[in-house]
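The next block holds one structure in the form of structure tokens; read it before the comments.
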Amino acid sequence: MSYLLRLVVPDRPGTLGAVATALGAAGIDIVSVDVLERGNGVAVDDVVVELPADRVADSLITAATAVPGVQVESLRPFAGPLDTHRELDLLEALAPAGVGTAKVLAAELPRVFRSGWAVVLAGSGTDVTLLAASDAAPALEGLELPWLPLRTPMLLPSDADWVPERWQEMAVEMMAAPLDPDGAAVLLGRSGGPAFRRSELLRLAHLTGLAATVARLPPA
């Protein structure tokens with residue numbers, strides 16, 4: 001079974017290698033590693049691993065934290081595609097999309113950010129139009145979104161007043177970014193964490209900006 005392991009590690013040479021060695025010694029295969037943030041002497045890494053059937057998830061935490069200074073911020077099952085070129089795939093898909101940009105973003109952004117779902121919305125308050133949604137996106141009918149229209153990227157805490165109780169129970173972490181000047185926005189969510197970080201929000205804003213530019217290009 002695959003898991004997404006978010007680690008906070010000392011930002012010094014050899015630490016990530018030591019983690020890889022510890023995981024390997026425990027029979028755990030590393031599938032991919034993304035460095036999310038670096039600063040103040042630490043780095044935040046997302047590590048997708050494959051856990052043998054005879055091992056329990058706690059063995060991931062035990063192996064990783066055996067390396068001095070390493071902390072496990074979160075651990076959750078991961079069922080997404082195990083690839084390392086997610087952003088490039090998205091940009092390639094956007095080029096011929098044209099008016100289908102919203103559908104491409106909704107389908108591809110969950111892979112880029114290893115989130116559970118994505119939707120593209122427009123409107124304000126309770127007058128919201130769903131422009132596109134990924135397969136796992138929740139129903140939004142009757143939901144009031146007071147942060148729309150969106151002018152700047154936002155991290156959206158799971159305990160905000162507008163968040164449905166069911167989403168709060170599932171600890172649905174969210175972030176959103178504007179898509180175009182007409183008020184469209186992209187909303188991403190993942191249940192049970194890990195929380196979206198500012199670096200991920202900046203990546204989302206960058207990608208939605210590129211998507212908006214591509215959508216305005218004349219046909220080739």
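The values are calculated or read from the model by the stated rules, or taken from the named source; none is laboratory data. Here the structure is a predicted model, which is why all the values come from computation and not from measurement. Methodologically, a virtual Cβ is constructed for each residue, glycine included, from the backbone with ideal geometry; neighbour enumeration extends over all protein chains shown. Just so you know, the surface numbers come from the protein's heavy atoms only, side chains and all, with ligands and any DNA or RNA stripped out. Shrake-Rupley method; radii C 1.70, N 1.55, O 1.52, S 1.80 Å.
Structure data summary
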| item | result |
| --- | --- |
| Of all residues making up segment 123-139, the number that are touching a residue at least 24 places away in the same chain (Cβ under 8 Å), assigned to a strand (DSSP E or B) and either more than 14 Å from residue 103 (Cβ to Cβ) or not assigned by the TED database to the domain that holds residue 205 (or both) | 2 |
| Residues of segment 116-165 that turn out to be under 26 Å from residue 36 (Cα atoms), among the polar types (S, T, N, Q) and modelled with pLDDT of 90 or more, as a count | 2 |
| Of the criteria (1) in contact with a helix residue (DSSP H, G or I) (Cβ under 8 Å, 6 or more places away or on another chain); (2) without any contact (Cβ under 8 Å) to a residue 12 or more places away in the chain, which one residue 179 fails | (2) |
| Among the candidates 213, 208, residue that is β-branched (Val, Ile, Thr) and touching a residue at least 60 places away in the same chain (Cβ under 8 Å) | 208 |
| Residue satisfying all of: in segment 6-36; closer than 19 Å to residue 200 by Cα and at pLDDT below 90; surrounded by the fewest Cβ atoms within 10 Å (Cβ to Cβ) among these | 35 |
| Members of segment 140-164 found to be within 17 Å of residue 205 (Cβ to Cβ) and in a loop (DSSP other than H, G, I, E, B), listed by number | 147, 148, 149, 150, 151, 152, 153 |
| Count of segment 165-220 residues which are of a type in the set (A, V, I, L, M), surrounded by fewer than 18 Cβ atoms within 10 Å (Cβ to Cβ) and assigned to a loop (DSSP other than H, G, I, E, B) | 5 |
| Search result, residues across segment 58-76 that are touching a residue at least 24 places away in the same chain (Cβ under 8 Å), part of a loop (DSSP other than H, G, I, E, B), open to solvent by 30 Å² or more (accessible area, probe 1.4 Å) and closer than 25 Å to residue 196 by Cβ | 69 |
| Residues that are hydrophobic (A, V, I, L, M, F, W, C) and in contact with a Ser or Thr (Cβ under 7 Å, 6 or more places away or on another chain), drawn from segment 1-30 | 9, 26 |
